[in-house]
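Worksheet: the structure to be examined is printed underneath.
The values are calculated or read from the model by the stated rules, or taken from the named source; none is laboratory data. What you see is a predicted model; the values in this text were computed from it and never measured. Positions of Cβ are generated from backbone atoms using ideal geometry, with glycine treated the same way; all protein chains shown enter the neighbour counts.
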Amino acid sequence: MQHDTKQRMHSHGPMTGVRIVDMTSVGMGPYATQILGDMGAEVIKVEAPEGDIFRHPAPIKSEGMSAVFLNLNRNKRSITLDVKQADDRARLLALIDGADVFVSNIRPQALTRLGLDSDSLLERNPRLIYCAAVGFGQDGPYAGRPAFDDIIQAMCGLASLQGRDDGTPRYVKTIMADKVAGLTLAYAIPMALYEREHSGKGQAIEVPMFETLSSFVLVEHLGGHTFRPPIAPMGYPRVLAPDRRPYRTADGFIALLPYTDGQWQRFFSCAGRDDLASDARFATAMARTKHYDALYAELSAIVETRRTADWLEVLAGEDIPHSRIATLEDLLEDPHLAATGLFRNEQHPTEGEIVTLAPTVRFGRTPATLRHAAPAQNSDSNFTWDAD
């Protein structure tokens with residue numbers, strides 16, 4: 001990559017040497033650029049004067065430094081530019097001229113009006129990877145519509161799936177659309193950089209939330225409509241079974257998923273239900289696919305007969321996938337997460353001691369690093385790229 005020698009003095013991650021101008025806000029773009037920053041890329045976050053909207057949601061300790069912002073923007077520098085003003089736009093262009101990647105979730109129509117469209121920037125910097133993080137593909141009728149996580153969850157079928165049992169649509173209680181699209185953005189950019197190593201040329205890439213999440217949902221739920229003509233309804237029956245859920249025990253809940261033939265046989269045996277072990281409907285994977293509703297109804301009724309602790313003891317030696325139902329608070333005390341170092345206590349320059357989440361992908365020779373805390377707005381107002 002360009003700038004490799006200088007940058008390798010400061011980091012050792014696999015993206016070391018890559019310079020990213022990040023003009024994204026909220027969830028999708030910042031999640032992606034934080035991942036790339038963790039992997040060694042030098043990221044300059046360009047904010048409008050009003051700042052990233054995610055600087056402000058509660059819980060918050062200091063103005064402009066919310067918990068969610070801290071968790072999406074480490075390993076970045078911050079500069080504030082009003083790109084509608086000629087001087088600030090010139091400053092941005094100077095940064096882009098020295099960058100490998102420009103990524104933005106501003107609507108393409110607005111960027112074009114400012115001369116920040118892909119054609120204009122690739123003419124200035126032919127090696128640039130220009131990445132548009134958009135709500136909808138720009139060749140479809142929804143191009144230009146506003147898009148946020150809730151809207152995309154509704155449009156891609158997730159909300160409908162969550163409410164399928166009682167007819168009341170619900171959102172998944174995490175910003176899944178933002179994060180799935182962000183992960184897609186995080187792998188698209190290195191792919192384009194890899195291709196550039198062979199061609200020597202940059203290119204424009206587009207990551208649309210709606211199409212990305214629709215594809216994500218339909219991997220299993222395209223179902224019988226995978227075939228032409230369709231041979232069955234859409235949907236993956238096992239996942240849609242009404243009794244597929246955390247199962248109520250005599251005193252709580254447990255997660256349980258016998259999956260292979262052997263696991264189901266062992267479960268029925270330890271549950272004292274040899275009648276079900278010999279039931280032809282449940283004997284093989286092919287048979288079970290036709291009787292998921294009945295299978296999970298039986299499972300639900302069985303689990304309710306014993307206490308959670310009893311099930312955990314019985315299942316521990318049976319090699320049957322199972323788990324307690326963890327709360328968010330439980331994760332902070334989980335012994336495995338503690339042993340693998342997911343949670344790190346760091347000193348933030350304005351927020352004091354904070355808990356941060358370590359990168360989960362491990363590279364043996366070029367490990368990810370936590371080099372910069374999430375920045376206060378415009379804390380790097382005089383930022384320029386290091387000289388090559």
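See the values below:
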{"item": "Matching entry among Arg164, Arg238 (being farther than 30 Å from Ser104 by Cβ and assigned to a helix (DSSP H, G or I))", "result": "Arg238"}
{"item": "Candidates Ile79, Ile106, Ile60 - the one that is among the aliphatic types (A, V, I, L, M) and within 22 Å of Thr184 (Cβ to Cβ)", "result": "Ile106"}
{"item": "Options Arg74, Arg55; residue that is under 23 Å from the mean Cα position of the chain (by Cα) and within 25 Å of Ile129 (Cα to Cα)", "result": "Arg74"}
{"item": "Within the stretch 95-118, considering residues that are touching a residue at least 60 places away in the same chain (Cβ under 8 Å) and not β-branched (Val, Ile, Thr), the one surrounded by the fewest Cβ atoms within 10 Å (Cβ to Cβ)", "result": "Gly98"}
{"item": "The stretch 278-291, residues that are at pLDDT below 90 and either of a type in the set (Val, Ile, Thr) or surrounded by 16 or more Cβ atoms within 10 Å (Cβ to Cβ) (or both)", "result": "Thr289"}
{"item": "Index of the failed condition, Ala147 passing every other in (1) touching a Phe, Trp or Tyr at 6+ places or on another chain (Cβ under 9 Å); (2) buried (at least 17 other Cβ atoms within 10 Å of the Cβ); (3) modelled with pLDDT of 95 or more; (4) not in a helix (DSSP H, G or I)", "result": "(3)"}
{"item": "Residue list for the stretch 207-235, filter: touching a Ser or Thr at 6+ places or on another chain (Cβ under 7 Å) and assigned to a helix (DSSP H, G or I)", "result": "Thr212"}
{"item": "Residue match in the stretch 281-293 (condition: among the polar types (S, T, N, Q), closer than 25 Å to Tyr236 by Cβ and either part of a helix (DSSP H, G or I) or touching a helix residue (DSSP H, G or I) at 6+ places or on another chain (Cβ under 9 Å) (or both))", "result": "yes"}
{"item": "Residue count, the stretch 44-70 (criterion: among the hydrophobic types (A, V, I, L, M, F, W, C), over 22 Å from Lys84 (Cα atoms) and crowded, with 18+ Cβ neighbours inside 10 Å)", "result": "4"}
{"item": "Selection from the stretch 241-259 of residues that are in contact with a His (Cβ under 8 Å, 6 or more places away or on another chain) and not in a loop (DSSP other than H, G, I, E, B)", "result": "Ile254, Ala255, Leu256"}
{"item": "Residues of the stretch 251-262 that turn out to be aliphatic (A, V, I, L, M) and in contact with a Ser or Thr (Cβ under 7 Å, 6 or more places away or on another chain), as a count", "result": "2"}
{"item": "Yes/no for Leu72 being modelled with pLDDT of 95 or more, part of a helix (DSSP H, G or I) and in contact with a helix residue (DSSP H, G or I) (Cβ under 7 Å, 6 or more places away or on another chain)", "result": "no"}
{"item": "Residue among Arg306, Arg362 that alone is touching a residue at least 24 places away in the same chain (Cβ under 8 Å), basic (Lys, Arg) and assigned to a loop (DSSP other than H, G, I, E, B)", "result": "Arg306"}
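Residue-by-condition table, conditions (1) free of Cβ contacts under 8 Å to residues at least 40 places away in the same chain; (2) farther than 26 Å from Gly157 by Cα; (3) of a type in the set (A, V, I, L, M, F, W, C):
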{"position": "Val217", "(1), (2), (3)": "no, no, yes"}
{"position": "Pro230", "(1), (2), (3)": "yes, no, no"}
{"position": "Pro242", "(1), (2), (3)": "no, no, no"}
{"position": "Leu257", "(1), (2), (3)": "no, no, yes"}
{"position": "Cys270", "(1), (2), (3)": "no, yes, yes"}
{"position": "Arg281", "(1), (2), (3)": "yes, yes, no"}
{"position": "Met286", "(1), (2), (3)": "yes, yes, yes"}
{"position": "Lys290", "(1), (2), (3)": "yes, no, no"}
